[in-house]
Amino acid sequence: MKRYISLIFAALLAFMPLRADAEEAEQFNPGAMIIGHVTDAHSWHLFDYYGSDGTEHAVAIPLPVILLNDGHLDVFMSSKFHHGHADYKGYRLVGGGAEKEEVVCVDESGAVLDKKPLDFSITKTSAAIMIAVVLLIVIVLVAKNGYKRRPNQSPKGLQSLVEMLVVFVRDSIAKPMIGEKHYEKYLPYLLTLFFFIFFCNILGLIPFFPAGANITGNIAVTATLAIITFLITNISGNRHYWVDIFNTPGVPAWLKIFPLMPVVELVGVFTKPIVLMVRLFANMTAGHIVILGFIVIIFILSNLFGTAVGGAVSVVSVFFAVFISLLECLVAYIQAFVFTMLTALYIGMAVAEPNHGDATAAE
């Protein structure tokens, strides 16, 4: 551990600015830097460096830009925008940092037009999802081939980890929440959900390509997962599930006629997936922001008071950043578990059969 902390400390000192005048302090925007690292972009930024002439150069992996404008499809690489410093084919990349990055239309004189093209680009988050899915498929296939090569033997290596997580989801989430009768039908979805969220959370904590993208910190990703859970839950809902919503047992009749309880129950159907969406998004984004906040302190003090002060503060900042990163590893697992567990709980409530005691009480 000491060796890794020393390497991080040395890397931070290497990239610190060597000048600390007031102009540089004003130019450095910590908020824009932090938000820019946790939001989506049309290219995969790696690092910046200063040339011999003192100009700053950005190194990034270009991604495909796919735009539909007035029925015309334009496809090109994001490198054509030169990190937002050039227009291409009547388009301009604006925003970034604290502002949302988007493509707008411009005329020949460079003036921004009111209309915007439909953007179907493969952004950083989209590319990271594809990478995560490919890596997950490889991991599962490796575990599968392990069973073929060593049938009826105890698992080894990666096979042990995959089997442990599969058994955990089956025995600790699916069976208790859904029940012995129905859990097998929904187990593939729960396993996919758990592995995808957990793996994306871990990848987001690794600060270099092909990892480093804040996948589950993107509200569109968590919203999509929550919508899928919402659809599966309500499509699977049996008669007992819907009767309990519109005719809640054990509630006074006047609350049903009013109708207060049916409205509350129906609103709950939609708020449950919203809670899933916001919880995962907020927890993962907050963790990244806290880690980046500790790192940013180094550069702020370095610009204001000199590299020596920034280097001295970096010891404390790096220590806390590493500590929060280790804590985020635990949070990555907990958030995957909570999302999967609540999904299983909602599905279990939708497919649960009424018992005789409930029927007697209702009568």
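Assorted remarks:
- One chain, two ends: Met130 and Ala58. Fully extended at 0.36 nm per residue, the span grows by 23.5 nm beyond their Cα-Cα distance.
- Mean accessible surface per residue for the chain, computed with a 1.4 Å probe while every protein chain stays in place, in Å²: 57 Å²
- Virtual spin-label span in nm between Leu327 and Ala98, 7 Å along Cα→Cβ: 2.6 nm
- Table column - 3J(HN,Hα) (Hz), the range 184-199, Karplus curve with 6.51, -1.76, 1.60, x for Gly and Pro: 5, 5, 9, 4, x, 5, 5, 5, 4, 4, 5, 5, 5, 5, 4, 5
- Listed residue (Ile228, Pro151, Ile137) projecting farthest to the positive dipole end of the range 122-235, Cβ model: Pro151
- In degrees, nearest ten, helix 219-236 long axis to first principal axis of the chain (Cα): 10 degrees
- Whole-angstrom gap from the range 104-159 to the range 255-328, using each part's C-alpha centre: 24 Å
- Fully extended contour minus Cα-Cα distance, from Ala308 to Lys181, at 0.36 nm per residue: 39.2 nm
- Sequence-distant residues sharing a close amide H with Glu101 (under 5 Å, placed H): Gly96
- Coupling constants for the range 121-134 follow from the phi torsions by the Karplus curve (6.51 cos²θ - 1.76 cosθ + 1.60, θ = phi - 60°), and in residue order they are 5, 8, 7, 4, 5, 4, 5, 5, 5, 4, 5, 4, 5, 4 Hz; glycine and proline get x.
- Contour excess over end-to-end distance, with Cα ends at Val167 and Asp107 and 0.36 nm allotted per residue: 15.7 nm
- Sequence-distant residues sharing a close amide H with Trp44 (under 5 Å, placed H): Ile61, Leu63
The values are calculated or read from the model by the stated rules, or taken from the named source; none is laboratory data. Just so it is clear, the structure is predicted and the values come from calculations on it, not from any experiment. FYI the Cβ positions are ideal-geometry reconstructions off the backbone, even for glycines, and counts take in every protein chain you see. Remember, those area values only see protein heavy atoms, side chains included, never the ligands or the DNA or RNA. Shrake-Rupley method; radii C 1.70, N 1.55, O 1.52, S 1.80 Å.
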